[in-house]
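Enquirer: Here it is, the structure in full.
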Amino acid sequence: MPIVVDIDVMLAKRKMSVGELADRVGITPANLAVLKNGRAKAVRFTTLAALCEVLDCQPGDLLRWEPDASGDGDRSAHESGTSVPAGSSPR
């Protein structure tokens with residue numbers, strides 16, 4: 001997935017454990033681990049806001065986009081319901 005979650009980086013910077021963060025955010029350590037390890041399909045804005053509040057950071061400190069190594073970026077954009085640039089053909 002081209003969205004990378006960098007919660008572990010912020011945890012290290014804040015010298016905080018996963019358990020402490022989960023407790024302060026109000027989610028289970030298991031759900032935080034799913035998010036932290038990049039296995040989550042989605043994150044609620046309320047959860048993202050709580051993470052930012054507890055870690056004293058911006059959403060961009062926790063999430064970043066990396067191009068998909070398979071090169072099917074246009075297909076992913078099309079499947080997600082976003083528009084395909086003019087001159088491009090959906091796959």
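The values are calculated or read from the model by the stated rules, or taken from the named source; none is laboratory data. All of these numbers come straight from a predicted model, not from anything done at the bench. Using ideal geometry, Cβ is built from the backbone for each residue, glycine included, and neighbour counts are taken over all protein chains shown.
The rows are residues; the columns are (1) of a type in the set (A, V, I, L, M); (2) surrounded by fewer than 12 Cβ atoms within 10 Å (Cβ to Cβ); (3) at pLDDT below 95; (4) assigned to a helix (DSSP H, G or I).
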{"position": "M16", "(1), (2), (3), (4)": "yes, no, no, no"}
{"position": "R24", "(1), (2), (3), (4)": "no, no, no, yes"}
{"position": "G38", "(1), (2), (3), (4)": "no, no, yes, no"}
{"position": "K41", "(1), (2), (3), (4)": "no, yes, yes, no"}
{"position": "T47", "(1), (2), (3), (4)": "no, no, no, yes"}
{"position": "L51", "(1), (2), (3), (4)": "yes, no, no, yes"}
{"position": "V54", "(1), (2), (3), (4)": "yes, no, no, yes"}
{"position": "P67", "(1), (2), (3), (4)": "no, yes, yes, no"}
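Enquirer: May I pose another question? Taking the condition of being part of a helix (DSSP H, G or I) and either in contact with a Phe, Trp or Tyr (Cβ under 7 Å, 6 or more places away or on another chain) or under 18 Å from C57 (Cβ atoms) (or both), how many residues in the stretch 26-36 meet it? Walk me through it before giving the result.
Expert: Within the stretch 26-36, the subset part of a helix (DSSP H, G or I) is 29-36.
Next, from what is left, pick out any that are either in contact with a Phe, Trp or Tyr (Cβ under 7 Å, 6 or more places away or on another chain) or under 18 Å from C57 (Cβ atoms) (or both): 32, 35-36.
Result for the stretch 26-36: 3.
Enquirer: Kindly list the number of the only condition in (1) outside any loop (DSSP other than H, G, I, E, B); (2) modelled with pLDDT under 95 that fails for P90.
Expert: Among (1) outside any loop (DSSP other than H, G, I, E, B); (2) modelled with pLDDT under 95, P90 violates only (1).
Enquirer: For the stretch 1-59, enumerate the residues that are in contact with a helix residue (DSSP H, G or I) (Cβ under 8 Å, 6 or more places away or on another chain), closer than 30 Å to A69 by Cα and of a type in the set (S, T, N, Q).
Expert: N31, T47, Q58
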